[in-house]
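The values are calculated or read from the model by the stated rules, or taken from the named source; none is laboratory data. Please read all numbers here as calculations on a predicted model, not as lab measurements. Cβ: placed from backbone, ideal geometry, glycine included. Neighbour counts: every protein chain shown. Heads up: the accessible areas ignore ligands, DNA and RNA and are worked out on the full protein's heavy atoms, side chains in. Shrake-Rupley method; radii C 1.70, N 1.55, O 1.52, S 1.80 Å.
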Amino acid sequence: MWQMLFKFLHGYGFFLLCMSLSTFGDESDHLALLDLKKRITEDPQHIMSTWNGSINFCSWVGVTCNHSNKRVVTLNLEAQNLVGSIPPSIGNLTYLTGINLIHNFFHGEIPQEMGRLLRLRYLNLSFNYFGGTIPSNISHCTQLRVLNVGSNKLIGSIPDQLKSLLNLTHLWVSGNNLTGTIPDWIGNFSSLYAINIFQNNFQGSIPNELGRCTSLGRFVIAGNKLSGMVPSSIYNISSISYISVTDNQLHGELPKDVGITLPNLETFAGGVNKFTGNIPVSLSNASRLRQLDFAENGLTGKLQAEHFGSLQSLSRLNFDDNRLGSGKTGDLSSLSFLANCTNLEVLSFSRNRFGGELPESISNLSTKLRIFTMGGNLIHGSIPIGIANLVNLNNLGMEQNYFGGSLPDAIGKLQKLQGLYLNLNKFSGPIPSSLGNLTSVTRLFMEGNRFEGSIPPSLGNCQSLLMFNLSSNRLSGTIPKEVIGLSSLSICLSMSNNFLTGSLPSEVSDLVHLSELDVSGNNLSGEIPITLGSCTSLVSLHLEGNAFEGRIPETLAKLRGLEEIDVSRNHLSGKIPEFLGKFRALKSIFLIMILRVHCLKKEYF
């Protein structure tokens with residue numbers, strides 16, 4: 001009987017002990033969560049109001065508990081706009097497997113006590129304001145699969161202690177101020193799928209050991225200060241679908257067989273580096289390729305677009321600022337093959353060495369094309385009328401070439417255009433009135449051509465314009481009031497160096513947001529309109545080289561932000577207005593004006 005009683009008491013005691021431990025664990029979690037709540041200083045969604053004693057903490061918003069032991073296993077407060085910090089007591093939530101605080105405003109340092117969370121598999125603290133260094137104690141969280149501390153304000157290097165995180169599949173430390181080199185021990189992470197360390201200050205070379213990450217799918221190291229060559233071992237990881245090494249100091253040639261060794265490639269980006277050699281034609285074998293971007297390098301050779309026509313998924317092809325082309329006829333003939341790329345949205349070959357004419361076949365390019373830039377080459381001839389088929393274009397760059405002839409009326413059909421760059425060519429004839437149909441255009445550059453005739457009043461319909469430049473052409477007639485009155489203009493309006501006549505329309509008063517106005521070098525006459533004083537945002541005003549007469553209007557005293565003003569080489573009279581001396585930003589330029597005036601007519605214009 002005593003033995004039975006002893007066994008009962010022993011078993012009951014063990015039960016009480018377990019209950020005590022469970023209760024202690026529950027209370028430890030409860031207190032840790034309350035401590036976190038105390039650290040929250042702003043809570044616009046009122047999430048913390050649910051963290052109260054009226055309900056069990058396992059039912060609080062963002063908290064999930066294990067059903068059997070009632071311990072906290074996940075903490076998910078994603079995108080709640082919370083402001084605050086993480087207390088060291090976070091380390092008491094020892095059953096946590098996941099923490100998600102992405103898209104909040106947490107600040108302060110990430111506690112070293114995170115290292116006590118030995119069951120942690122997922123840690124996402126990205127898009128906050130955490131400072132300090134990456135806690136080395138996270139190395140104790142050996143079950144961690146995802147470590148994401150991107151887009152914070154972290155400093156220092158990646159701690160060597162993290163080499164123990166052999167189960168990592170995702171390493172995201174992008175968008176911080178991290179320094180040092182890329183650790184070669186990352187190559188030991190055999191399960192790693194994603195390396196994202198872009199937009200930091202990492203230096204040195206890319207470790208060859210990273211080629212051992214044979215499960216790698218995303219390799220993103222853009223926006224650092226890395227140098228040397230991309231190791232050949234990286235190009236041999238057949239599972240990679242996304243490579244971005246943009247904006248570093250890398251050099252060397254792209255492997256000729258890169259499209260064969262990386263058959264799953266979808267994005268291949270290496271712009272703003274020092275790569276040389278030819279564009280590998282083997283990329284035609286990467287049938288999933290969507291984005292190919294190597295702008296701002298030193299690539300040479302022909303554009304062999306016939307090798308890209310089979311890439312049905314291709315949406316972006318950008319080789320701006322290289323040395324492609326020979327400057328001879330036929331350089332662009334292969335563009336016709338890109339008609340098969342029916343998903344193409346970006347086609348950019350500006351500032352290369354392409355010669356010849358723009359082929360008529362561009363009219364067959366994808367109707368999804370949004371950006372088409374060929375500026376800064378050696379292209380001559382006319383712009384094909386068929387360009388009107390590219391109805392979704394929002395940016396057309398043909399500047400700084402040798403295009404000539406009349407500008408086709410058909411451009412007026414591109415009603416989604418926001419940027420039209422035709423400057424520094426040899427276009428002639430009248431400006432098509434159909435350009436007035438471009439009601440979405442914000443930037444219209446036509447300077448440095450041979451356009452003649454009058455400025456179409458229909459351009460007044462372009463009521464989204466921010467920048468408009470017609471300077472250095474052969475335009476004549478008067479300035480349409482519809483154009484000078486475009487109140488949307490806020491950056492610049494230039495009609496300088498033409499043969500414009502008549503007065504400066506009083507509607508200039510509508511340019512209340514404009515920073516720069518230049519009508520110099522024309523044959524404008526009459527008085528400077530008093531309504532010019534309404535342009536109170538003006539920083540630069542150029543009226544020189546005309547036939548304006550009379551006095552400088554006193555209303556210009558309202559233009560207190562002026563930094564430049566030039567009214568020389570006109571027929572103005574009267575004294576220099578005293579208010580010009582009160583424009584603090586104008587002082588240095590005003591002195592130059594005084595010297596110029598004294599050399600001409602003492603104190604009078």
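Note on His107/Thr367: beta-carbon distance plugged into 1/(1 + (r/R0)^6) with R0 of 56 Å gives a FRET efficiency of 0.75.
Only helices enter the 222 nm calculation for the chain: every DSSP H run of n ≥ 4 contributes -39,500 (n - 2.57), and dividing by all residues gives -3500 deg cm²/dmol, rounded to 500. Our estimate of slack between Ser310 and Asp160, defined as 0.36 nm per intervening residue step minus the Cα-Cα distance, is 49.5 nm.
At full extension, Ser440 and Lys558 could sit 39.3 nm farther apart than now, given 0.36 nm per residue minus the alpha carbon distance.
Using bins of 20 Å that start at zero, the share of Cα-Cα pairs per bin across the chain amounts to 16, 31, 33, 16, 3, 1, 0, in whole %. Measure up Lys38/Lys153; Lys558/Lys582; Lys368/Lys426; Lys225/Lys302; Lys368/Lys416; Lys225/Lys274 against 20 Å on the Cα-Cα distance and list the ones that go over. With Cα atoms farther than 20 Å apart: Lys38/Lys153; Lys368/Lys426; Lys225/Lys302. Note that region 137-266 presents 38 Å² accessible area per residue, ligands and nucleic acids not counted, probe 1.4 Å. Contact order for region 134-220, expressed relative to its length and based on alpha carbon pairs under 8 Å spaced 6+ residues apart, stands at 27 percent. Each Cα pair under 8 Å and six or more residues apart adds its sequence gap; the mean of these over the residue count of region 196-257 is a relative contact order of 37 percent.
For Met229 and Ile260, a Förster radius of 22 Å and the Cβ-Cβ distance give a FRET efficiency of 0.70, rounded to the nearest 0.05.
Between the beta carbons of Arg353 and Thr142, assuming R0 = 51 Å, the FRET efficiency works out to 0.40 to the nearest 0.05. A protection proxy built from the mean count of other Cβ atoms within 10 Å ranks the segments 245-256, 439-450, most packed first, as 439-450, 245-256.
At a probe radius of 1.4 angstrom, the accessible area of region 453-526 per residue rounds to 35 square angstrom. With an 8 Å cut-off on Cα pairs and a minimum separation of 6 or more residues, tell me the relative contact order of the chain in percent. Once normalised by length, the contact order is 4 percent. Ligands, DNA and RNA left out, the accessible area of region 281-409 computed with a 1.4 Å probe is 42% carbon and sulfur. By accessible area, using a 1.4 Å probe on protein heavy atoms only, region 54-174 has 52% of its surface on carbon and sulfur.
Solvent exposure of region 85-136 amounts to 36 Å² per residue of accessible area, where only protein heavy atoms count and the probe is 1.4 Å.
Among beta bridges from DSSP that stay inside the chain, the antiparallel ones total about 5%. The distance between label points at Asn201 and Asn56 comes to 5.0 nm (points 7 Å beyond Cα on the Cα→Cβ vector).
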